[in-house]
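Worksheet: one structure, shown below.
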Amino acid sequence: MSRRILTALLAGLLAADAAAADPARPPDLTGERPAILEAFRLAERGQLSLTDLARVQDHPLLPWVEATQLRREMAGTPTRDIRAALARYDGQAAGDWLRSAWLHHLAANRRWADFLADYRPADSLEMRCAHLAARLATGATDAAWIADGKALWLTAESLPATCDTPFASLQSLGQINQDLRWQRIELALLAGQTGLARFLARDLPAAETTRANSYADFIDKPHDGAAAWPKDARSRAVAAEGLARLARKSPDEAETRLAALDKALALDEAARGKVLYQVALWTVASYLPGARERLAAVPAAAYDERLHEWRVREALNRSDDAGALDALSRMPAAQRNDSRWQYFEARVLERLGRKDAARALFAKAAGTATFHGFLAADRLGQPYALCPLEPSTDAALRARVARHPGLARALELHLIDRRLPAIREWAALLRELSDEERKVAIEFARDAHWYDRAVFTIGDKPDDLRYYSLRFPLHHENVLRREARRHGVDPAWVAAQTRAESAFMPRARSHANAMGLMQLLPSTAERTARRLGIPWTGADSLYNPETNMVLGIAHLRHELDGHAGIAYQAIAAYNAGPAPVNRWNRDRPGFDPDLWIETVTYKETREYVARVLAFSVIYDWRLDGTAVPVTERMLGRTVAKTARRPFACPTPPGPDSTP
């Protein structure tokens, strides 16, 4: 063995020993990994013997191995053995996972007494139905059972078959009367569950069944017969729901039908407002003709933040500065004071020549670490606001978190690629930790390359978003910098794009089959590989971080070249594809970049572009300590070091709403 290899091995052993001995770090279970993987393999086949189990007796994942075996062999396992395991792992994620499977098994086999003995309150409709059935089967049909059954009956969706017998019993007791049946039918109609509504209507008197079916038909496809409905609250609610749904497909037809039904059913302002809201929304969302007039027709009481935003965008889309200012003035104070709308109000005021008022609003927005805050700072030529926080360095607190058995289980499940159990363990762990402990646990997760824990579980308090080193991981930096340099792409942009796409999780996969760090579709990756002249070894190669970055950064460069080097349009195309970007350019030629982004019709793309550009600033801070101004980066420009934007923490720190 060469001296270099021996030195490396010794260094690894020493590092492992140090980690194992450090009370402020989670235990290093690398050496025990082959044994636990083999135990899982055997458990999943139902082949785990007592001898096999003894080999991992002291491993933190023993509960999951045993639960896996018991779930696999549940039908042939004595009840006492299942209950013994439930008692051993009571309160643990593995125990909850086992209990769920056990209760489903008992319900499927109608072992109702055992079900009641082992039941724990659950949110799932299936378990609630089974609990109702178990109480019925064991004679526990008291007033509480009746109340629980009626509450479950009033569900807008179809319920599991396990509920059928309890509901039949309730009906025979006269507890599900015609009024209660109509209540559920109406819930189903308003939820668009027209098949359920028709099913429930079969037990109504014939005339009422006909009316309920007419209601269901109207929800599916509005018809003229609605004018003959009774002028009551139920008819008005169904008419408003059906027309609101129609407006999503055809605002014009919904508006026409509303005019016809308004008097026929004596619609009130709430019903009219519900329909007019959707008519306006689905007109303005594509900037169709008449959007301004339809927005004006919506009663003030029907407006929400979403429609207020669209009213501003509609005016910006027409370059109507006075109209945009009027729309901004109608926003609730909390919404208007958000950095986004402070920035755009300042932009409008600036265009109207009211520069002092504009500067005052730019200054307010610039105190936030957000996309629009960074844009505002550029308008003022001042540093970017950033007030980072770091996890606690308190040795006792860190040791307490490091020694938590739930953390060891969650991290090891992640490291052996058992994603769903890992997430279950993580959720159970967080329920036991304080806010400070949570941040330390997330730091440990980051160090184990479980980067998305900070993205999904950092917390929802304003200061939680200031833990930038946790929220913005930086992995595979050498590959990132190398490929960014090769293709002439800003490395902070690449890091931001990767963070927005996958949170640096190499095995991320979307519903659309985009894969890996930069979320490439296999077809896109294959074309890129051919263009680069490198071998394409199949879709699974996209889970390799280096392969994904090589192809992803090349694809980013391709999008940039396809949009004349204009970065914000390349980012939009990366998310939505080139066709919508070409359409937006056609519809709004010559728009300033910030206004172009805000008036993009796709919510996902609009927010994605802003998010990537904001993330680029954070990654500039992480990579270099200063940032390319966002107004320059949007256009794909680089700047001299002296022109880069420094960072400063305002007093007091402004809110960070960067997602």
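Extents of the stretch 132-198, taken as max minus min of Cα coordinates on every principal axis and listed largest first, are 36, 22, 16 Å. A simple spin-label model places the labels of residue 435 and residue 474 2.7 nm from each other, with each point 7 Å out along Cα-to-Cβ.
Dividing the Cα radius of gyration of the stretch 250-379 by 2.2 N^0.38 Å, with N the residue count, gives 1.22. Quick one: if you stick a label point 7 Å off each Cα along the C-beta vector at residue 156 and residue 507, how many nm between them? About 3.7 nm separates the two model spin labels. Rounded to the nearest 0.05, the FRET efficiency derived from the C-beta distance between residue 180 and residue 456 at R0 = 41 Å is 0.55.
The Rg/Rh ratio of the stretch 180-305, with both radii computed over alpha carbons and Rh defined as the Kirkwood radius, is 1.00.
Kindly state, to the nearest 0.05, the FRET efficiency for residue 337 paired with residue 543, given R0 = 56 Å and r defined as their beta-carbon distance.
Taking R0 as 56 Å, the efficiency between residue 337 and residue 543 is 0.80.
Note that the chain presents 46 Å² accessible area per residue, ligands and nucleic acids not counted, probe 1.4 Å. For the stretch 568-640, the Cα-based Rg and Dmax, in that order, read 12.8, 39 Å. Just to be sure I follow the definition: excluding the sites themselves, where is the longest run in the chain that has none of the GluC sites (Glu not before Pro) in a DSSP loop with at most 16 other Cβ atoms within 10 Å? That gives 158-431 as the longest site-free run.
Report the label-to-label distance for residue 87 and residue 643 in nanometres (one decimal), using points 7 Å from each Cα along the Cα→Cβ vector. With each label placed 7 Å out from Cα toward Cβ, I get 7.5 nm. Each part gets one Cα centre, and for the stretch 30-47 versus the stretch 609-634 those centres are 45 Å apart.
Per residue, the average separation of C-alpha pairs within less than 8 Å and at least 6 apart gives the stretch 222-353 a relative contact order of 17 percent. The simple Förster model, with R0 at 35 Å and r as the Cβ-Cβ distance, assigns residue 534 and residue 37 a FRET efficiency of 0.60. A dipole drawn for the chain from +1 and -1 charges on Cβ atoms has a positive end, and of 36, 279, 636 the residue lying farthest that way is 636. Taking the three principal axes of the alpha carbon atoms in the stretch 45-121, the coordinate ranges are 37, 25, 17 Å, sorted in descending order. Read through the labelled values (i) 29.5; (ii) 27.2; (iii) 25.6 and report the label of the one computed as Kirkwood radius over Cα pairs in Å from the structure. This structure yields the entry labelled (i).
Extension gain for the segment residue 447 to residue 268, taken as residue separation times 0.36 nm less the Cα-Cα distance, is 58.6 nm to one decimal.
Just the protein heavy atoms count here, and of the accessible area of the chain at 1.4 Å, carbon and sulfur take up 52 percent.
The values are calculated or read from the model by the stated rules, or taken from the named source; none is laboratory data. Small disclaimer: the values here were computed from a predicted structure and weren't measured. Note that we place each Cβ from the backbone using ideal geometry, even for glycine, and neighbour counts take in every protein chain shown. Accessible surface is based on the protein model in full, side chains and every heavy atom, while ligands, DNA and RNA are left aside. Shrake-Rupley method; radii C 1.70, N 1.55, O 1.52, S 1.80 Å.
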